[in-house]
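Engineer: Pasting a structure below so you can have a look.
The values are calculated or read from the model by the stated rules, or taken from the named source; none is laboratory data. Every value quoted in this text rests on a predicted model; they were computed, and no experiment measured them. Cβ: placed from backbone, ideal geometry, glycine included. Neighbour counts: every protein chain shown. For accessibility, only protein heavy atoms count, side chains too; no ligands or nucleic acids. Shrake-Rupley method; radii C 1.70, N 1.55, O 1.52, S 1.80 Å.
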Amino acid sequence: SQQGEEDPQALSIQEGENATMNCSYKTSINNLQWYRQNSGRGLVHLILIRSNEREKHSGRLRVTLDTSKKSSSLLITASRAADTASYFCATEHYKLSFGAGTTVTVRA
Amino acid sequence: DGGITQSPKYLFRKEGQNVTLSCEQNLNHDAMYWYRQDPGQGLRLIYYSQIVNDFQKGDIAEGYSVSREKKESFPLTVTSAQKNPTAFYLCASSMHDSNQPQHFGDGTRLSIL
C-alpha cells in the first residue's frame with residue numbers, strides 16, 4: 001500500500017534556486033524518511049526524521065515533519081545540477097511505504 | 001567497500017520461464033527486502049526477511065518466491081505465474097531495529113522477450 005504522496009510530481013528550477021517538495025500520509029508513523037534516486041540507479045537514503053522530531057538538517061537539506069497535519073517537506077537549498085533526481089518520501093509503521101516521488105530537474 | 005550487489009543489471013525472460021535475481025550484502029544487516037518499481041511509481045514491497053531462514057510476504061508477493069539461507073544473500077525468483085514481470089527490481093537491507101534507514105542495490109531491470 002502506498003501511504004506517502006509527494007507534491008508536486010515534477011519540479012524544474014534554475015541552478016542556485018531552492019527546491020521544496022511535500023509529502024502527505026494517512027496513518028500514524030514511527031518515522032518518515034527521504035530518499036533520492038538517480039535515473040536507472042538504486043535509492044540513496046537522505047534523512048530520517050522520527051515522529052517526535054519537528055525539523056532536521058543535513059548539509060543543504062532541511063526536512064520538517066508536522067504529525068498533526070500528517071505532512072512533511074524536503075527543502076534543498078542552493079540547488080546544483082547534480083541534485084537532478086527523483087525524491088521519494090517513505091513512512092515507517094511496521095514496514096516502509098513509499099510515495100510515487102517528485103522528479104526534480106535543475107537547469108544549469 | 002560495504003554495500004549491496006544486485007545481478008544481473010539487465011535480465012530477459014521468455015514465456016513460461018522462471019528467472020532468479022541475485023542480491024548479496026556485506027553490511028552485516030539482519031533484514032533484507034525486495035521491491036518492485038514500475039515507471040513513474042513508487043516502490044512496492046514483494047517480500048522481506050528479518051532473519052535467516054524466515055521471510056514474509058509483502059504487498060505484491062503473488063508470482064514471486066524467495067529464500068534466505070544465508071545472512072548475506074536474499075535471491076528473488078520471478079516465476080511463470082507472474083504475468084506482468086517487466087519492471088525494475090530493487091533489493092535493500094537494514095539493521096533489524098526500528099528507525100533504521102534502508103540501503104539499496106542498483107537494481108535489476110527485467111523485461112519479457
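Engineer: Quick one: is A:GLY40 in contact (Cβ under 8 Å) with a residue 60 or more places away in the chain and surrounded by fewer than 19 Cβ atoms within 10 Å (Cβ to Cβ)?
Structural biologist: no
Engineer: Out of all the residues in segment A:28-37, which are open to solvent by 20 Å² or more (accessible area, probe 1.4 Å) and at the interface with chain B (Cβ under 7 Å from one of its Cβ atoms)?
Structural biologist: The answer is A:ASN30, and nothing else.
Engineer: Moving on. I'm trying to understand the selection: among the residues of segment B:36-47, which are within 7 Å of another protein chain (Cβ to nearest Cβ) and crowded, with 20+ Cβ neighbours inside 10 Å?
Structural biologist: B:GLY42, B:LEU43, B:LEU45
Engineer: Within segment A:1-23, can you find the residues that are of a type in the set (S, T, N, Q) and open to solvent by 50 Å² or more (accessible area, probe 1.4 Å)?
Structural biologist: A:SER1, A:GLN2, A:GLN9, A:SER12, A:GLN14, A:ASN18, A:THR20, A:ASN22
Engineer: Being small (Gly, Ala, Ser) and either in a helix (DSSP H, G or I) or farther than 30 Å from B:LEU110 by Cβ (or both) is the filter here; which residues of segment A:42-56 pass it?
Structural biologist: A:SER51
Engineer: Just need a number here: residues in segment B:4-35 that are within 25 Å of B:GLN56 (Cβ to Cβ), in contact (Cβ under 8 Å) with a residue 60 or more places away in the chain, open to solvent by 20 Å² or more (accessible area, probe 1.4 Å) and in a loop (DSSP other than H, G, I, E, B).
Structural biologist: Within segment B:4-35, residues that are within 25 Å of B:GLN56 (Cβ to Cβ), in contact (Cβ under 8 Å) with a residue 60 or more places away in the chain, open to solvent by 20 Å² or more (accessible area, probe 1.4 Å) and in a loop (DSSP other than H, G, I, E, B) number 3.
Engineer: Another question about this same structure. Among the residues of segment A:23-41, count how many are part of a strand (DSSP E or B) and basic (Lys, Arg).
Structural biologist: So the count comes out to 1.
Engineer: Evaluate the following for A:SER24: is it out of contact with any His (no Cβ under 9 Å at 6 or more places or on another chain), hydroxyl-bearing (Ser, Thr, Tyr), closer than 17 Å to A:GLU92 by Cβ and touching a residue at least 24 places away in the same chain (Cβ under 8 Å)?
Structural biologist: yes
Engineer: I need a count of the residues in segment A:57-96 that are over 16 Å from A:VAL44 (Cβ atoms), outside any loop (DSSP other than H, G, I, E, B) and more than 13 Å from the chain's Cα centre (by Cα).
Structural biologist: Selection size over segment A:57-96: 5.
Engineer: Just to be sure before I move on: is A:GLY99 over 15 Å from B:GLN100 (Cβ atoms) and open to solvent by 10 Å² or more (accessible area, probe 1.4 Å) in the structure I sent?
Structural biologist: So A:GLY99 fails the test.
Engineer: Taking segment B:53-100 on its own, how many of its residues are more than 14 Å from the chain's Cα centre (by Cα), within 13 Å of chain A (Cβ to nearest Cβ) and open to solvent by less than 50 Å² (accessible area, probe 1.4 Å)?
Structural biologist: Residues meeting the conditions: 1.
Engineer: If you check every pair at least six apart or on different chains, which have Cβ atoms under 6 Å apart with a residue in segment B:101-113 that is open to solvent by 10 Å² or more (accessible area, probe 1.4 Å) first and a residue that is part of a loop (DSSP other than H, G, I, E, B) second?
Structural biologist: Every condition considered, the pairs that remain are B:PHE104/A:GLY42; B:ASP106/A:ARG41; B:ASP106/A:GLY42; B:SER111/B:THR86; B:ILE112/B:THR86; B:LEU113/B:LYS14.
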